[in-house]
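Data block below; observations after.
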Amino acid sequence: MIRTISFKERRYIEELRILTRATALDCIIDERFDRIVYLIKEGDMGLAIGRQGSNIKKMQRVLGKRIEMVEYSSDIENFTKNAFKPAGVVGVRKEDDKRLTVYVRRGDLGIAIGRGGCTIEKARLLLSRYFDTNLGEVLEEKDGRA
């Protein structure tokens with residue numbers, strides 16, 4: 001899939017690289033929730049976050065927006081788990097070719113939804129962009145099983 005990155009997105013990606021030495025594969029400027037969502041190269045997440053979140057705090061000060069980071073994975077299940085963190089995803093099921101149902105730990109449904117649906121929207125954007133998949137339902141696990 002070919003995706004063009006705008007000048008502003010490239011600038012934000014370069015700013016992350018300069019401040020943290022981590023590699024961002026993509027950057028989404030989400031005006032609706034006033035945030036920047038970075039897709040971080042697999043294995044670079046610790047470097048991107050920094051000790052006790054210091055790099056995220058530094059980025060937020062410099063850019064003046066809330067910063068969120070998601071670690072990339074070529075496996076759709078791991079990618080989905082990363083997109084919904086810190087909510088505990090216990091299962092992912094493909095309903096058909098383009099629809100995904102996500103099961104979260106009991107009590108984590110509110111975290112998985114996010115304030116105003118921001119976490120679900122982030123996952124929806126990333127899944128459609130990288131796996132050409134639509135996010136269907138996000139459900140709470142029942143009796144320890146998805």
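The values are calculated or read from the model by the stated rules, or taken from the named source; none is laboratory data. Just so it is clear, the model here is predicted, and its values are computed rather than measured. Heads up, the Cβs are rebuilt from the backbone with ideal geometry, glycines too, and the neighbour counts pull from every protein chain shown.
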With criteria (1) modelled with pLDDT under 90; (2) surrounded by 15 or more Cβ atoms within 10 Å (Cβ to Cβ); (3) of a type outside the set (Val, Ile, Thr), Arg35 comes up short on (1)
Taking Asp44, is it acidic (Asp, Glu), farther than 24 Å from Asp132 by Cβ and surrounded by 16 or more Cβ atoms within 10 Å (Cβ to Cβ)? yes
Can you pull out every residue in segment 1-30 that is closer than 16 Å to Met69 by Cβ and not in a helix (DSSP H, G or I)? Arg21, Ala22, Thr23, Ala24, Leu25, Asp26, Cys27, Ile28, Ile29, Asp30
If a residue must be assigned to a loop (DSSP other than H, G, I, E, B) and closer than 24 Å to Ala24 by Cβ, how many such residues does segment 72-122 contain? 8
